[in-house]
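Take a look at the structure set out below.
The values are calculated or read from the model by the stated rules, or taken from the named source; none is laboratory data. Just so it is clear, the model here is predicted, and its values are computed rather than measured. Cβ coordinates were reconstructed from backbone atoms using ideal geometry, including for glycine residues, and neighbour counts include every protein chain displayed.
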Amino acid sequence: MNTESSLAATGAPVAQPNIIGELINNAYARARRAWEARDVSGYQHLAKLQADAGAELVNLNVDGTQKVSVRVEEMLEFLPIVIPAIQEVTNVSLSFDNPNIDYHKVALQAYDPSKSRGKPLLNSLAASRDDLDGMIELIREHDMRCIVMASECFLPDGGSGQSLDPKDSYETVVRFVDMLVSKANRTVDDIIVDPGLAPVGADTYGLVNIGLDTMRLCSEDPQLKGLHYSVGLSNFAWGTPKAVKPLLERAYLTIGGRLGLDYALANVEANSTPLEPNHPIITELEAALEGGRAQDGATAEDAGFRQAEMIMDLCSEYIEE
């Protein structure tokens, strides 16, 4: 397989991905207001809104952002209050999103699986987690699904680092699948891989293409048949004009969907539906991503700047319209 081959467009429609609703996140004003007021009804509203819009899971992220500071102790105090409240108004499955294992322990103590229509989700496992074995044990004990981050790889010295090669990302996925099957009694169907998604207009390391190529490699491995894939979709068009942002995100869903992307952490009100396969922005985005591949002696940084320029030109075109 040539992982550097062109992302040739096809006319085949892309299926609607399963949505992990992302609106309970302090990056969003409504969630931030609910957090600052500890307004449980605000969280109930956001959870039900997303479930009613078709989200398969609702992501629960009450961590801090650039606009609001949140201490770990504050999160842990609030989880036993907000989780039962959400489960009072909807039976949507919850995704618990935090790198701290204590967050997941407290969340799972408060969570009632009998009130959920599906398994809870641990978001996420990564090579850099402080207590990876403990997280895997929680997944086994509570019969959870999980998201695995392929954008971090295991290093030979026992540490972790950012993956800058799709082969390293693929090997990370294989290692996680082996651990989850053998230690957590999971099936491949319980595992969702996040191949990584960088802001396309500032991607000087080719991370978007690395993520796409990782999905290609994993999809070609018969031992990984049935594996699922998801991305944090709002990362993709970060920094681009608001008029173009949803189009770019939805175009990525179409491109990723051709490679097996069947989940997305997304905003059900803006960017959770793929574009029709013949939309012109898809071809333009594919061309920009192809321009971001280092070829003919160019460095990854040179290719990244070429990709960024092509994205800027694309955005200008749609703003003018």
**Asked** Can you name every residue in the range 235-253 that is part of a helix (DSSP H, G or I) and surrounded by fewer than 22 Cβ atoms within 10 Å (Cβ to Cβ)?
**Response** Asn235, Lys245, Pro246, Leu247
**Message:** Need a quick list: strands (runs of 3 or more DSSP E) entirely within the range 106-158 having at least 3 residues that are of a type outside the set (Asp, Glu).
**Reply:** 121-125, 145-149
**Prompt:** So how many residues does the range 160-175 have that are charged (D, E, K, R) and over 20 Å from Thr204 (Cβ atoms)?
**Reply:** 3
**Message:** Among the residues in the range 216-229, are any crowded, with 23+ Cβ neighbours inside 10 Å, modelled with pLDDT of 95 or more and touching a strand residue (DSSP E or B) at 6+ places or on another chain (Cβ under 8 Å)?
**Reply:** yes
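Taking the range 273-321 as the region of interest, how many residues are polar (S, T, N, Q) and under 24 Å from the mean Cα position of the chain (by Cα)?
To start, the set of residues in the range 273-321 that are polar (S, T, N, Q) comprises 273, 278, 283, 295, 299, 307, 316.
Now restrict to residues that are under 24 Å from the mean Cα position of the chain (by Cα): 273, 283, 307.
Number of matching residues: 3.
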**Request:** Just give me the residues in the range 69-83 being assigned to a helix (DSSP H, G or I) and surrounded by fewer than 19 Cβ atoms within 10 Å (Cβ to Cβ), in sequence order.
**Result:** Val72, Glu73, Glu74, Leu76, Glu77, Phe78, Pro80, Ile81
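For the range 116-130, give me the residue count where each residue is of a type in the set (D, E, K, R) and loosely packed, with under 14 Cβ neighbours inside 10 Å. Explain how you work it out, then say what you get.
First, the residues of the range 116-130 that are of a type in the set (D, E, K, R): 117, 119, 129-130.
Restricting the remaining residues to those that are loosely packed, with under 14 Cβ neighbours inside 10 Å gives 117, 130.
Residues that pass the stated criteria total 2.
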**Asked** Of everything in the range 191-226 that's of a type in the set (Ser, Thr, Tyr) and in a helix (DSSP H, G or I), which residue is farthest from Met135 (Cα to Cα)?
**Response** Ser219
**Request:** Report, ordered by the first and then the second residue, all pairs with beta carbons closer than 9 Å, sequence separation of six or more or different chains, a first member in the range 178-197 that is within 29 Å of Val208 (Cβ to Cβ), and a second member that is in a helix (DSSP H, G or I) and aromatic (Phe, Trp, Tyr).
**Result:** Ile191/Phe176; Val193/Phe176; Leu197/Tyr252
**Message:** List the residue pairs whose Cβ atoms are under 8 Å apart, where the first residue sits in the range 283-295 and is surrounded by 16 or more Cβ atoms within 10 Å (Cβ to Cβ), the second is among the hydroxyl-bearing types (Ser, Thr, Tyr), and the two are 6 or more positions apart or on different chains.
**Reply:** Leu285/Tyr252; Glu286/Ser6; Glu290/Ser6
**Item:** Matching residues in the range 159-190 - criterion: being surrounded by fewer than 16 Cβ atoms within 10 Å (Cβ to Cβ) and in a loop (DSSP other than H, G, I, E, B)
**Value:** Gly159, Leu164, Asp165, Asn185, Thr187
**Asked** Do we find a residue being buried (at least 21 other Cβ atoms within 10 Å of the Cβ), hydroxyl-bearing (Ser, Thr, Tyr) and in contact with a helix residue (DSSP H, G or I) (Cβ under 6 Å, 6 or more places away or on another chain) anywhere in the range 143-157?
**Response** no
**Asked** Is it true that Leu265 is in contact with a strand residue (DSSP E or B) (Cβ under 6 Å, 6 or more places away or on another chain) and at pLDDT 95 or above?
**Response** yes
**Message:** So, in the range 26-68, how many residues would count as being among the hydrophobic types (A, V, I, L, M, F, W, C), surrounded by fewer than 15 Cβ atoms within 10 Å (Cβ to Cβ) and in a helix (DSSP H, G or I)?
**Reply:** 2
**Item:** Enumeration of residues in the range 179-214 that are in contact with a helix residue (DSSP H, G or I) (Cβ under 7 Å, 6 or more places away or on another chain), aliphatic (A, V, I, L, M) and closer than 16 Å to Cys153 by Cβ
**Value:** Met179, Val193, Ala198, Ile210
**Message:** All but one of (1) over 25 Å from Glu141 (Cα atoms); (2) loosely packed, with under 14 Cβ neighbours inside 10 Å hold for Val14; state the number of the condition that does not hold.
**Reply:** (2)
**Request:** Please work out which residue is nearest to Phe236 (Cα to Cα), limiting yourself to the range 288-321 and to residues that are out of contact with any Gly (no Cβ under 7 Å at 6 or more places or on another chain), small (Gly, Ala, Ser) and assigned to a helix (DSSP H, G or I).
**Result:** Ala288
